[in-house]
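To start, the structure itself, in structure tokens.
We did not get these values from a lab; they are worked out from the coordinates using the rules stated. Because the structure is predicted, anything quoted here is derived from the model rather than measured. Neighbour counts are summed over all protein chains in view; Cβ atoms, including those assigned to glycine, are modelled from backbone coordinates with ideal geometry.
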């Protein structure tokens, strides 16, 4: 197994006035390449805080985070942004699609900041549209798509830069159970096909049952 993420003794606190509220306390674990991993626990347990740290959207108060053996704990904003762009993909429960762009354009958008020819961009987008079953809807805007279809666009967009890790924050929360199950099966198939590591925060029983491994959190700590 190739280790892609390692967290060592992570602490994270947020200042509310003069009070520091602990979000994570002494969290340590390893994520291997190709895992389909779920972070579970009640609201306020630290799931989203953990995703934000692994996703280079935040930095720990104490402890170390290694991404492909590189310590990212003390990198500056510019360095973290480069890692997000080159190594990470994100899926959100609210889809976060650009309303004026078509499905194809939403997927292609992250590639516009790279030195990639339009031919290669269109080839990658076309392949991903096929992977997520949306080829007939390539030119539809988000308001012309169902919630499940919008989430498929978001998944394809997360994969367009060939990330080593996709981070998904409650990706089925705004979907009905049948659509949510379909989305989970799609992500599992993409995980197997591409070998991309998926890390979820979730309350969804289907995600938990599908995950290869579950990390349970309570009050900012890992529990058995």
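Peptides 171-178, 137-144 ranked from most to least packed give 171-178, 137-144, packing being the mean of other C-beta atoms within 10 angstrom over each peptide's residues.
Checking the a/c ratio against 1.5 first, then a/b against b/c, what shape does the Cα gyration tensor give for region 79-185?
Note, shape of region 79-185 comes out oblate.
Round to the nearest 10 and give me the degree value, 0 to 90, for the angle of helix 177-194's Cα axis relative to the longest principal axis of the chain. Computed tilt is about 90 degrees. Remark: spin-label model distance residue 43-residue 224 equals 3.0 nm, labels positioned 7 Å along the Cα→Cβ axis.
Computed over the Cα atoms of region 41-116, what is the convex hull's projected area averaged over all directions, in nm²?
Value for region 41-116: 7.0 nm².
Residues 56, 15, ranked from the fewest to the most other C-beta atoms within 10 Å, line up as 15, 56. Under 20 Å from a point 7 Å along the Cα-to-Cβ line of residue 82: which residues of region 97-112 have their amide N that close? Counting backbone N atoms under 20 Å from the label point, the list is 110-112. Measuring nothing but how far apart in sequence close Cα pairs (under 8 Å, 6+ apart) lie, relative to its length, the chain scores a relative contact order of 31 percent. Helix 118-131 and the longest principal axis of the C-alpha atoms of the chain enclose an angle of approximately 80°. In the chain, the longest principal axis of the Cα atoms and the axis of helix 147-159 are about 70 degrees apart. Segment residue 28..residue 120, full-extension length gain: 29.2 nm, with 0.36 nm per residue of separation and the alpha-carbon distance subtracted. Relative to one another, the C-alpha centroids of region 24-54 and region 58-75 are positioned 14 Å apart.
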